[in-house]
Every structure is written in C-alpha cells, then in structure tokens.
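Below you'll find the structure, written out as structure tokens, and then a few comments.
The values are calculated or read from the model by the stated rules, or taken from the named source; none is laboratory data. Since the structure is predicted, the reported quantities are computational estimates derived from the model, not experimental observations. No Cβ is skipped: glycine too gets one built from the backbone with ideal geometry, and neighbour counts run over all protein chains shown.
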Amino acid sequence: MIAYRLLCKDLSFQYVQTSSRLVYKNSKPDFIVSTHRPLTEEEGKDLMSKRTMDCKVSHLHAAPSTQSQQ
C-alpha cells in the first residue's frame with residue numbers, strides 16, 4: 001500500500017491510496033492488479049506523516065508555483 005497526493009487542475013490536492021499485487025502465471029510475473037481509493041484530507045495527511053524519510057520529498061509539501069507567460 002502507498003499513499004500519495006495528486007495535483008488537480010484547480011491546484012488543489014487529492015490524497016489517494018493505492019494497493020497492488022503481482023499475479024503470476026506459470027511461476028512468472030504476468031500482470032499487476034491495482035486498486036485506488038480516494039482519501040479524506042485527514043486520512044491523507046495522517047498516512048503521509050507516517051512515511052519513512054526514504055519516501056519523503058520536500059518539494060511536494062510546498063504550494064505549487066504559477067508562472068506568468070509573456
């Protein structure tokens with residue numbers, strides 16, 4: 001299981017949880033089955049805070065920047 005957040009078109013974030021499993025055929029990996037579940041803001045922040053330091057990316061916690069085009 002992994003929890004992450006997606007940036008939406010309106011620049012808000014949606015927290016999502018994904019669970020996956022590898023399916024074997026004849027003792028070889030054949031395909032992956034994944035399910036995705038939207039999380040509430042509270043669930044998402046709770047799961048994100050429980051991540052290990054190996055998974056944390058500092059720039060994901062900053063607000064998205066907008067650039068004006070000239």
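P38 passes all but one of (1) at pLDDT 95 or above; (2) touching a Phe, Trp or Tyr at 6+ places or on another chain (Cβ under 6 Å); (3) surrounded by 10 or more Cβ atoms within 10 Å (Cβ to Cβ); (4) not polar (S, T, N, Q); which number fails?
P38 satisfies every listed condition except (2).
Pick from the range 10-29 the residues that are of a type outside the set (S, T, Y) and more than 24 Å from D46 (Cβ to Cβ): which of them is farthest from the chain's Cα centre (by Cα)?
The selected residue is N26.
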